[in-house]
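Trainee: Structure provided below as structure tokens; questions to follow.
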Amino acid sequence: MKAKYQIAIAIAAIAVLSLITLHPAHTATAASAAVTGTVKFEGTVPKQRTIDMSKEPSCAQIHASDPANIQTAVVSPNGGLQYAVIYVSEGLNAAQVPPASEPVTIDQKGCQYQPHVLAVDTMEKVKVTNSDSTSHNIHPMPKNNNEWNKSQPPGSPPFEEAFKNEEIAIPVKCNVHPWMKGYIAVVKGPYAVSGKDGTFSLANLPPGNYTLTAWHETFGTQTQKVTVAAGKPATANFVFKK
């Protein structure tokens, strides 16, 4: 009887080793690394026009001490360019990258979309919320995905949507408040959006050679080659000019 148990244990061990051999993606995941860097702007920054929200007093009051501006070219004092979308445009095997498990959120707050630019993986859930005391309707206008247009009164629960196909980038508007504009960039695989200081981090890239693309609504696109070694972070920096 003891010998039978030993044989059974040996068979189970072989089966486990076989599964590990047949699924090398686990090794790639363990060796994944991030690409970090900055997106900068050089030159005279286009003036960001002040938004007149007088037709929506509840939102105008929110911005009474700090008037809202359009956000088509947000540049920090050190030249960092915000709201650039960074993604892998060549070299990525999507099967090596685990899909996103949590939805990303776009909020309607102060009669502006927050964030102004959102990035999302294909079929990743987009959670839409309304933090204002007035009604909005969020209306993405894609060319390569299904169009939808949904109203969201104040106090109503969030809802979720997803986009099937890559599209960079989908313009978004509110039919109630014409100054409300933003973008949703739909990519395949890891993505990042540059922060207020222009920095970004593109996580979970398996070892390999990639082409990264940085997209900005006003300044266009740039590409850059980068090599990711096993478990070693890489860097990439982009500079846009007017």
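Trainee: What is the pair-distance distribution P(r) of the stretch 32-241, computed from all Cα-Cα distances in 5 Å bins starting at 0, with each bin given as a whole percent?
Mentor: 1, 7, 15, 18, 18, 16, 12, 7, 4, 2, 0
Trainee: Okay, next question. How would you rank ASP52, ASP197, ASP66, ASP121, going from fewest to most other Cβ atoms within 10 Å of each one's own Cβ?
Mentor: Details: ASP52 11, ASP197 16, ASP66 8, ASP121 21.
Fewest to most other Cβ atoms nearby, the residues stand as ASP66, ASP52, ASP197, ASP121.
Trainee: Run the dipole for the stretch 32-241 about the Cα centre, Lys and Arg Cβ at +1, Asp and Glu Cβ at -1, nothing else charged, and hand back the magnitude in debye, nearest 20. Write down the numbers at each step before the final one.
Mentor: Numbers: 17 positive and 17 negative charges, 67 e Å.
For this selection, approximately 320 debye.
Trainee: Hey, can you grab everything whose amide H is under 5 Å from the amide H of ALA185? Only 5+ residues off in sequence or another chain; H modelled, so Pro and N-termini drop out.
Mentor: Amide H neighbours of ALA185: LEU118, ALA119, VAL120, ILE170.
Trainee: Need the list of lysines near LYS225 for cross-linking: C-alpha distance under 29 angstrom, and skip anything on the same chain fewer than eight residues off.
Mentor: LYS40, LYS143, LYS164, LYS188, LYS196, LYS241, LYS242
Trainee: Treating cross-link reach as a plain straight distance, find the aspartates and glutamates whose alpha-carbon is under 13 Å from the alpha-carbon of LYS109, omitting any fewer than eight places away in the same chain.
Mentor: Qualifying aspartates and glutamates at Cα under 13 Å: GLU56, ASP132.
Here, each number is a calculation from the coordinates, and none is a lab measurement. It should be emphasised that the depicted structure is a prediction, and the values quoted were computed from it without experimental measurement. In this analysis, Cβ positions are derived from the backbone assuming ideal geometry, glycine residues included, and neighbour counts consider all displayed protein chains.
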